[in-house]
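Following: one structure in structure tokens, then a few remarks.
The values are calculated or read from the model by the stated rules, or taken from the named source; none is laboratory data. Just so you know, these numbers come straight off a predicted model, no measurement behind them. Neighbour counts are summed over all protein chains in view; Cβ atoms, including those assigned to glycine, are modelled from backbone coordinates with ideal geometry.
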Ligand code: TXA
Ligand code: MG
């Protein structure tokens, strides 16, 4: 999609004046603000309805800006940045002393990443050219551009549906190609506990190990600080109750729902027997990258059908599906709850 210079200019002027702007990344759409301005960051929390103690990811134009935001940056962080940035990997590092506590949720650490979407990069570079916000720090804080606890948006129209007039500008960069949020890797306590994946994503522990020489621990949902809002059980959730069932049980789950008079929507990835196939609302690819790309927009569409239940065929147990399984499990736990 071509970048519209007028929209980009408007985005920069909003960011420079402490306003919020939604923009595409390769993972999901983000709700951005000048990360060096506590007042601007406060508007993100207000628009999302997100608790103030949940830290945000700061997006940078390049790995050269790492030292502005983080201290005691380990060599491994630089190696991983060189290997995966721009791209869907967020590094948790010790924060620089000046970083507003509003961004880090009061924690001594900060999440940083360089996104790969051309419009996100254009925005970050233009922001830097325009002065880079308060103190010229050039970072854009951006959580996913959804209401707190809900499905992340992967199209501009999703952001409009989630946030409506709460956001003055949504930059439209088309559908996100990765489709699920970045892998979060905690390097802030490398010496004591090693590298830990706090949120699985497109970049796998094996890919990280190929650079670091050792598999990181996978500790999503870990109760120990730092906390990750994406690690809350109820997250990425549709309004409609969602049930994850193994492939052989899909038919039975459909029959049970029907028998109890409930209308169900069914999301699958494999070719099911004809009896079940007649009830399929949407079939996603049986390859994890393509499945992830389509997942959130499929969930959003099925949620909008106002069925009584969404039945999802559980993904394969293979490691390549781990990030998808993580999101679906959280969606199943959080679905149908209000006010999270
Ligand atoms: O792909 C992504 O990461 C997207 C795009 C917009 O970049 N962003 C995103 O942001 O998913 P959000 O806020 O929805 O999720 C960011 C996660 C949260 O779970 C947050 O708790 C965690 O990153 N996080 C941020 N800073 C952290 C820190 N200092 N320590 C631990 N977790 C942190
Ligand atoms: Mg989010």
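Table for the structure above
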{"item": "Tally of residues being within 23 Å of residue 61 (Cβ to Cβ) and assigned to a helix (DSSP H, G or I) across segment 141-174", "result": "2"}
{"item": "Scope segment 254-270; condition out of contact with any strand residue (DSSP E or B) (no Cβ under 8 Å at 6 or more places or on another chain) and surrounded by 12 or more Cβ atoms within 10 Å (Cβ to Cβ); matching residues", "result": "255, 256"}
{"item": "Flag if residue 122 is in contact with a helix residue (DSSP H, G or I) (Cβ under 8 Å, 6 or more places away or on another chain), crowded, with 18+ Cβ neighbours inside 10 Å and not in a strand (DSSP E or B)", "result": "yes"}
{"item": "Qualifying residue in segment 175-188 (condition: more than 23 Å from residue 114 (Cα to Cα), part of a loop (DSSP other than H, G, I, E, B) and either within 12 Å of ligand 1 (Cβ to nearest atom) or outside the structural domain of residue 55 (by TED's automatic domain parsing) (or both))", "result": "no"}
{"item": "Positions within segment 36-83 being within 13 Å of residue 99 (Cβ to Cβ), outside any helix (DSSP H, G or I) and more than 16 Å from ligand 2 (Cβ to nearest atom), in sequence order", "result": "36, 37, 60, 70, 71"}
{"item": "Selection count where residues are under 11 Å from residue 145 (Cβ atoms) and either within 16 Å of ligand 2 (Cβ to nearest atom) or assigned to a loop (DSSP other than H, G, I, E, B) (or both), scope segment 4-33", "result": "10"}
{"item": "Within segment 125-149, considering residues that are surrounded by fewer than 23 Cβ atoms within 10 Å (Cβ to Cβ) and within 13 Å of ligand 2 (Cβ to nearest atom), the one farthest from residue 183 (Cα to Cα)", "result": "147"}
{"item": "Failed item, numbered, when residue 248 is tested on (1) more than 16 Å from residue 314 (Cβ to Cβ); (2) without any contact (Cβ under 8 Å) to a residue 12 or more places away in the chain; (3) in a helix (DSSP H, G or I)", "result": "(1)"}
{"item": "Residues located in segment 162-177, provided they are surrounded by fewer than 20 Cβ atoms within 10 Å (Cβ to Cβ) and touching a residue at least 12 places away in the same chain (Cβ under 8 Å)", "result": "166, 168, 169, 172, 174, 175, 177"}
{"item": "Among (1) in contact (Cβ under 8 Å) with a residue 12 or more places away in the chain; (2) in contact with a strand residue (DSSP E or B) (Cβ under 9 Å, 6 or more places away or on another chain) - the single one residue 273 does not satisfy", "result": "(2)"}
{"item": "Odd one out for residue 110, checked against (1) near ligand 1 (Cβ under 10 Å from one of its atoms); (2) in contact (Cβ under 8 Å) with a residue 60 or more places away in the chain", "result": "(2)"}
{"item": "Odd one out for residue 297 among (1) crowded, with 18+ Cβ neighbours inside 10 Å; (2) closer than 21 Å to residue 178 by Cα; (3) in contact with a strand residue (DSSP E or B) (Cβ under 9 Å, 6 or more places away or on another chain)", "result": "(3)"}
